[in-house]
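Undergrad: Please read through the structure below; I'll follow up with questions.
The values are calculated or read from the model by the stated rules, or taken from the named source; none is laboratory data. The model shown is predicted, which means the values in this text are computed figures rather than measured ones. Heads up, the Cβs are rebuilt from the backbone with ideal geometry, glycines too, and the neighbour counts pull from every protein chain shown.
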């Protein structure tokens, strides 16, 4: 879940980047300069408090959180970056873990219900998922301007004498500023040791698309998405369809930036249901992918022929044939027709080649990872050691697909395994016994095969024993010798 979906409750007094319209709270009882110390506040044996710290190795700095020692229902979340300073924000205790995990990403600040800043650029709320990068597509905000504390205060008549700073006990649902938030901001700025830092203290952003006259209401949001306003209200009420949070609330009405609404509509068009619909075929009120529709049509014809056009079967519709045994006999015949048609439903040759290439990639990646470890830990003692002497772990999904091929097309699976063993030996210089053990372990763990059947299958497709009969080589199988080198 994106960080902006967690509701921040207050700004810590030592934050560098205040969130607009949140009260400022004294954080002197929290050591915000040291992540280990932040974590230690909540790590009390026998208590119900908690804390954690982590380095953000990819994007710089660290993050930490701790339960408040006084208000156990609250937590302090701190994010520090070497170039952009520190955020100190109060959240509910239940949200702290999720907030901490969200801070692993590139976003340093969230404003305007999801617009985020990475230290250089403002982006719109992440909505369009990029499967290749396992992240949301980044959409920069055109003409975005960063609004700092210095610029806000210079353009206002804020009076620090009217501002207030709460203690942690004052945080609650009614903790929003009772006066002008700019007065609170002015008091916070007055208490900072370095006035020059106010020019780098980021409060929010301004952009043409966030102007009130450019925003759309719920009716406009629904129109852009091609749904009714009542459907949108239902989605929001039930927290469904990933409806983005509104960028503003004007006179009690939610308002969205038009690009945010348009990107939500784009995300809906890219949903799995929409992807299926893009290639679906409609028949009798049902919508199916074309392959499934073809199977439906084919077996409709086959079953009609079996049940009606064959006289010996058609006569079983007579009352005297309506017995359990007769119906079971017909059902078995229909089931056999489906099983015998498997090759016409699934391109076995293409699937076998895909499994072969996937398994080879798993071996290559396992070899690379093992050698990297060996370079650090093992090769110091024996520089000539390649490290290719232990089986490699195979991703469960790849192992399950190989197991599926064994259960449905054992001859094709045997050929695939043989090819894998040979290619691994020729291309990767992986010894045969290592590959065979990798195959055996993968099928044993994730192949969904009966133990006895697996042992027998492996004894027929793996290398025979040098001085004995064929054997099963599944890990732990009785009577199996180690695969030959």
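Undergrad: Quick check on the stretch 48-58. Is at least one of its residues modelled with pLDDT under 90, more than 25 Å from residue 243 (Cβ to Cβ) and either out of contact with any strand residue (DSSP E or B) (no Cβ under 9 Å at 6 or more places or on another chain) or part of a strand (DSSP E or B) (or both)?
TA: yes
Undergrad: Quick check: is even one residue across the stretch 114-121 part of a loop (DSSP other than H, G, I, E, B), at positive phi and surrounded by 17 or more Cβ atoms within 10 Å (Cβ to Cβ)? Write out each step before concluding.
TA: Kept after step one, since they are part of a loop (DSSP other than H, G, I, E, B), are these residues of the stretch 114-121: 114, 118-121.
Filter again for at positive phi, leaving 114, 119.
This time we only want the ones that are surrounded by 17 or more Cβ atoms within 10 Å (Cβ to Cβ), so: 114.
Looking for residues that are part of a loop (DSSP other than H, G, I, E, B), at positive phi and surrounded by 17 or more Cβ atoms within 10 Å (Cβ to Cβ), one finds at least one in the stretch 114-121, hence yes.
Undergrad: If you check 193, 219, 212, 234, which single one turns out to be surrounded by 13 or more Cβ atoms within 10 Å (Cβ to Cβ) and either farther than 30 Å from residue 80 by Cα or modelled with pLDDT under 95 (or both)?
TA: Numbers: 193 fails: surrounded by 13 or more Cβ atoms within 10 Å (Cβ to Cβ); 219 fails: surrounded by 13 or more Cβ atoms within 10 Å (Cβ to Cβ); 212 fails: surrounded by 13 or more Cβ atoms within 10 Å (Cβ to Cβ).
None of the other options fit; the residue is 234.
Let's see how each residue does on (1) more than 29 Å from residue 345 (Cα to Cα); (2) modelled with pLDDT of 85 or more; (3) in contact with a helix residue (DSSP H, G or I) (Cβ under 8 Å, 6 or more places away or on another chain):
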position: 376; (1), (2), (3): yes, no, no
position: 385; (1), (2), (3): yes, no, yes
position: 394; (1), (2), (3): no, yes, yes
position: 403; (1), (2), (3): no, yes, yes
position: 415; (1), (2), (3): no, yes, yes
position: 463; (1), (2), (3): yes, no, yes
position: 477; (1), (2), (3): yes, no, yes
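Undergrad: Something else about it: Going residue by residue through the stretch 25-40, is there one that turns out to be under 22 Å from residue 112 (Cα atoms) and not in a helix (DSSP H, G or I)? Outline the logic, then answer.
TA: The initial filter retains those residues of the stretch 25-40 that are under 22 Å from residue 112 (Cα atoms), namely 25.
Filter once more, so that each one left must be not in a helix (DSSP H, G or I): 25.
Scanning the stretch 25-40, I find at least one residue that is under 22 Å from residue 112 (Cα atoms) and not in a helix (DSSP H, G or I), so the answer is yes.
Undergrad: Of 438, 444, which residue is under 19 Å from residue 369 (Cα atoms), at pLDDT 90 or above and in contact with a helix residue (DSSP H, G or I) (Cβ under 8 Å, 6 or more places away or on another chain)?
TA: Testing whether each residue is under 19 Å from residue 369 (Cα atoms), at pLDDT 90 or above and in contact with a helix residue (DSSP H, G or I) (Cβ under 8 Å, 6 or more places away or on another chain) leaves just 438.
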